[in-house]
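Novice: First, the structure itself, so that you have it in front of you.
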Amino acid sequence: MMTRREAIQKTIFATAALSAGAMTAQSQPAPAPAPAAAPAGPFKLPPLPYAYDALEPHIDAQTMQIHHDKHHAAYVANLNKAVAGHPDLESKSVAELLRGLDNLPADIRTAVRNNGGGHLNHSEFWPMMKKNGGGQPKGELAAAIDRDFGSFDKFKTAFTDAATKVFGSGWAWLCVPGQTRAGAPRTLTIESTPNQDTLITASKVSILGIDVWEHAYYLKYHNVRADYIAAFFNVIDWDYVASNYEV
Ligand code: MN3
């Protein structure tokens, strides 16, 4: 079963694919992403919802191209490899596979954890950014950030701190509880996960995340993760993040 949020994201990815196609048809200066070969298997690489250079100068086009077309594509290909020959698993969503990790055959559990997690994390990550992003959220999310962190600046400091402190490769996230009673406050928290682990089994839903693997920033920022984190705030699509909060 897909959750409502997963269903909405599916629609967003599909819409993004259409608009990326539409941009190509017009005279868009930068080529829209066109992954070379669709990987064999049930899992597909979602198209980047903007051109490779859309996030320049904050995140460079070459990093985006390699990150999406090589790294994300590899997670998808390796996830397909892992479930090949398991018809019962091939029909599940990546979220269902990750929720049921403990029930998977032991010989593919780690591959699904790493590559399924990589596929899900990156699929969530791309639409959290946009050309001319940045600024601050509005509306319900802005009020929740003030309520739970004190101010936007205090949130920014806490999120930056969490992203800075991820040891090695991983992610920092702004989250809401996975399930709350109707009418209960949906308290925002900041979490981090190592490697390609997700929050899917932690009863948390990530509404914003930053990839702090070196592959996300090394070409432009080298070892200076702090500069990449600061730049990331210039590309956040707060309307999209707010829509994640309001789901
Ligand atoms: Mn990555």
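No lab work stands behind these numbers, since they all come straight from the coordinates. This is a predicted model, so every value here is computed, not measured. No Cβ is skipped: glycine too gets one built from the backbone with ideal geometry, and neighbour counts run over all protein chains shown.
Novice: Per the Cauchy relation, a quarter of the hull surface: what is the mean projected area of the convex hull of the alpha carbons in the stretch 139-246, in nm²?
Specialist: For the stretch 139-246, the mean projected area of the Cα convex hull comes to 6.8 nm².
Novice: For the stretch 119-168 and the stretch 207-247, what is the separation of their C-alpha centers, rounded to whole Å?
Specialist: Using only Cα atoms to place each centre, the spacing works out to 8 Å.
Novice: What residues from the stretch 129-169 fall in the zone where the backbone N is under 17 Å from a label point 7 Å along the Cα-to-C-beta line of residue 224?
Specialist: Taking a point 7 Å out along Cα→Cβ of residue 224, the residues of the stretch 129-169 whose backbone N falls under 17 Å are 164.
Novice: At 7 Å along Cα-to-Cβ for each site, give me the label-to-label distance between residue 136 and residue 195 in nm.
Specialist: Each label point is offset 7 Å from its Cα along the Cβ direction, giving 3.9 nm.
Novice: Summing Lys, Arg as +1 and Asp, Glu as -1, what charge do residues with Cβ under 15 Å from the Cβ of residue 214 carry, residue 214 excluded? List each step's numbers first, then the result.
Specialist: Values: positive: 70, 220, 225; negative: 60, 211, 227.
Computed value for this residue: 0.
Novice: Moving on. Which aspartates and glutamates, if any, have their Cα less than 13 Å from the Cα of residue 81, not counting same-chain residues under 8 positions apart?
Specialist: 90, 107
Novice: Expected output is a single nm value to one decimal: the length gained when fully extending between residue 102 and residue 243, i.e. 0.36 nm times separation in residues minus the C-alpha distance. What is it?
Specialist: 47.6 nm
Novice: So how much slack lies between residue 181 and residue 165, counting 0.36 nm per residue of separation and subtracting their Cα-Cα distance, in nm?
Specialist: Fully extending the segment from residue 181 to residue 165 adds 2.5 nm.
Novice: To make sure I understand the rule: partners must be lysines, Cα under 20 Å from the Cα of residue 154, and not fewer than 8 residues away in the same chain. Which ones qualify?
Specialist: 138, 165
Novice: Same structure again: Which order, highest average first, do 142-155, 111-124 follow once you tally other Cβ atoms within 10 Å for each residue and take the mean per peptide?
Specialist: Put in order of decreasing packing, that is 111-124, 142-155.
Novice: Cross-link partners among lysines for residue 131, C-alpha distance below 22 Å, same-chain residues fewer than 8 apart left out?
Specialist: Counting by Cα, and skipping residues close in sequence, residue 131 has these lysines nearby: 10, 70, 156, 220.
Novice: What order, most packed first, do the peptides 164-176, 80-92 have when packing is the mean number of other Cβ atoms within 10 Å of each residue?
Specialist: So the peptides 164-176, 80-92, ranked by packing, come out 164-176, 80-92.
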